[in-house]
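Everything below concerns the one structure shown next.
The values are calculated or read from the model by the stated rules, or taken from the named source; none is laboratory data. Every value quoted in this text rests on a predicted model; they were computed, and no experiment measured them. As a convention, Cβ positions derive from the backbone with ideal geometry for all residues, glycine included, and neighbour counts pool all protein chains shown.
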Amino acid sequence: MYPLGQLTALLKDKHFTGKLKAIALPIALQNLINFGINALDTIMLGRIGEVQLSGSALANQLSFMFLVISTGVASGCGVLVAQYWGAGNTQRVREVMSFMYRVVLAISLLFACMAFFVPYRVLGILTTDPEVIAQGVIYLRIMGVGFLFSGFTNSTISILRSTGTVKISVVVYSLSLLINFIGNYALIFGKFGFPAMGIAGAAIATVFARFWEVVIIAIYLFRYEKGIGFSPKDLFHTGEGIVGLYMTHSAPVLINEMLWSTANFILGIIIGRMGREFVAANSISGLMMQFAGIAIFGVSASAGTLVGNAIGAGDYQKARDYANGMLVVSGLMGLVAAAAILLIRQPLIAYYEISELARGYAEQMTLAVAGLVVFQSIALVSMMGTLRGGGDTRFVMLLDVVFIWGIAIPFGALAGLVLNWPVVLVYIILKSEDIFKTLAVLWRVPRGKWLRDITRS
């Protein structure tokens, strides 16, 4: 696949290793902080009970769908930005950002309206348990306000990442984690003179943290960031041809993320229909997946930036070398993540106040996660990093559509809702897409035919 001698030479490339560390390490730290933010609600509500934990988990299906779609818009724009940045064309970078903010705002308003006005319908699709729905509605209505904040923050950080600017995200999410932790502790359990609000307190604390994320990132973008030079007046200007470029090279990213997030929502329906115990266990195993993603997403972002910048600078051979090197790096990262999951899974599960049935499900599912994460690492770094950074967005979309819609959803629904197979087998089928994606990228990446120079379109 990739000769060891070539890999060794690449790892001696100071530009490669320097950029890899400069991008991956701050993003890994950012992901660690984000993991802490996302884990706070799950862990603290897990101390209250299974119903609250399941209600927040199902409500977060809509939150996750919003996050994926809004970030998908930014990731699509990031494909353009990475290459324009490599070519030194900052004017086009600003024009792409202006277009991105308009689309993200529209999506944020749509999801906020869904969360506030039709939460019962949303959660009624996911489960028939009235107690879980009642708790989820409380959480979702409050979280809807946060969509208006997180859309701006996440999209801005995604674009800055495409230019190699990642340290600000650590500052933003560190403060968010601190605010969320204090707010959760005070409002969920009734500390520091506040009433014990349970699941509502968790949502309020999260939204308050999201508000301060926006304040910090806006101050940085408009006052301190000098490389791009984006200013408020740029919000009203979209350059010639940007929409056409987006539709040609980046729209597949958005379509990809929409289909993938919708598919995950459907997977949530399958899990929700199999009982609150499966929902609670899936929330815990999902936390393990997020934990594994701490370093994996950092390497993925590095791959996209390195490959995209090299293509924009016209150094196509270097882009191919980076892509092949990332295949090996991602495999090693997957093995490290698997070992970490095996190390912490039992102490984490023991912390939760859940039924013995849910605990048994969680033990089986987190063990499955340890095996699946190796495939997830290779697939994610190659697809979301290398292939997207190289402009091969249509192929990435094809993989997602075929494997999640053609295999995971239909066979998972059959196994779980019709054949009533054991929960762990259903879970593996629902998460099997990364196995097939890995086989596909191991065939695609070394051939080098994925390289697309968008800046010369």
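Odds and ends about this structure:
- Qualifying residue in segment 194-211 (condition: touching a residue at least 12 places away in the same chain (Cβ under 8 Å) and under 30 Å from Gly389 (Cβ atoms)): yes
- Filter result for Ala218 (modelled with pLDDT of 90 or more and farther than 20 Å from Leu175 by Cβ): no
- Filtering segment 233-243 to residues that are loosely packed, with under 12 Cβ neighbours inside 10 Å, at pLDDT below 85 and in a helix (DSSP H, G or I) leaves only Phe236.
- Entry remark, segment 369-403: residues being surrounded by fewer than 18 Cβ atoms within 10 Å (Cβ to Cβ) and within 16 Å of the chain's Cα centre (by Cα) number 0 in total.
- Some residue of segment 146-165 being hydrophobic (A, V, I, L, M, F, W, C), closer than 26 Å to Ile48 by Cα and either modelled with pLDDT of 90 or more or assigned to a loop (DSSP other than H, G, I, E, B) (or both): yes
- When Val441 is tested against the conditions (1) more than 27 Å from the chain's Cα centre (by Cα); (2) closer than 19 Å to Ala323 by Cβ; (3) β-branched (Val, Ile, Thr), the lone failure is (1).
- Of Gly78, Gly86, all but one fail to be under 24 Å from Ser169 (Cβ atoms) and touching a Lys or Arg at 6+ places or on another chain (Cβ under 9 Å); the exception is Gly78.
- Any hit, segment 293-311, residues being free of Cβ contacts under 8 Å to residues at least 60 places away in the same chain, part of a helix (DSSP H, G or I) and on the phi < 0 side of the Ramachandran plot: no
- Within segment 347-361, the set of residues being surrounded by 19 or more Cβ atoms within 10 Å (Cβ to Cβ) and not in a helix (DSSP H, G or I) comprises Tyr352, Ile354.
- When Met274 is tested against (1) under 26 Å from Ser98 (Cβ atoms); (2) at pLDDT 80 or above; (3) not in a helix (DSSP H, G or I), just one condition goes unmet, and that condition is (1).
- A Cβ distance below 8 Å, combined with a sequence gap of six or more or placement on separate chains, defines the contacts here; from segment 106-134, residues that are over 17 Å from Phe64 (Cβ atoms) reach residues that are among the charged types (D, E, K, R) and modelled with pLDDT of 90 or more in the pairs Phe116/Arg141.
- Any hit, segment 404-417, residues being buried (at least 24 other Cβ atoms within 10 Å of the Cβ), under 21 Å from Ala292 (Cβ atoms) and over 20 Å from the mean Cα position of the chain (by Cα): yes
- A count restricted to segment 164-213 and to residues that are in contact with an Asp or Glu (Cβ under 9 Å, 6 or more places away or on another chain) and among the hydroxyl-bearing types (Ser, Thr, Tyr) stands at 4.
- Pairs are defined by a Cβ separation below 7 Å, a sequence spacing of at least 6 or placement on different chains, a first member in segment 426-439 that is under 13 Å from Trp260 (Cα atoms), and a second member that is β-branched (Val, Ile, Thr) and part of a helix (DSSP H, G or I); the pairs so defined are Leu430/Ile270; Glu433/Ile404; Glu433/Ile407.
- Number of the exception - Gln135 against (1) modelled with pLDDT of 90 or more; (2) closer than 22 Å to Trp212 by Cα; (3) buried (at least 24 other Cβ atoms within 10 Å of the Cβ): (2)
- Some residue of segment 71-92 being in a helix (DSSP H, G or I), modelled with pLDDT of 90 or more and either of a type in the set (S, T, N, Q) or within 18 Å of the chain's Cα centre (by Cα) (or both): no
- Residue that is surrounded by the fewest Cβ atoms within 10 Å (Cβ to Cβ) [pool: residues in segment 193-223 that are under 27 Å from the mean Cα position of the chain (by Cα) and either more than 30 Å from Gly183 (Cα to Cα) or of a type in the set (Phe, Trp, Tyr) (or both)]: Phe222
- The single condition from (1) aliphatic (A, V, I, L, M); (2) more than 30 Å from Gly46 (Cα to Cα); (3) modelled with pLDDT of 80 or more that Leu254 fails is (3).
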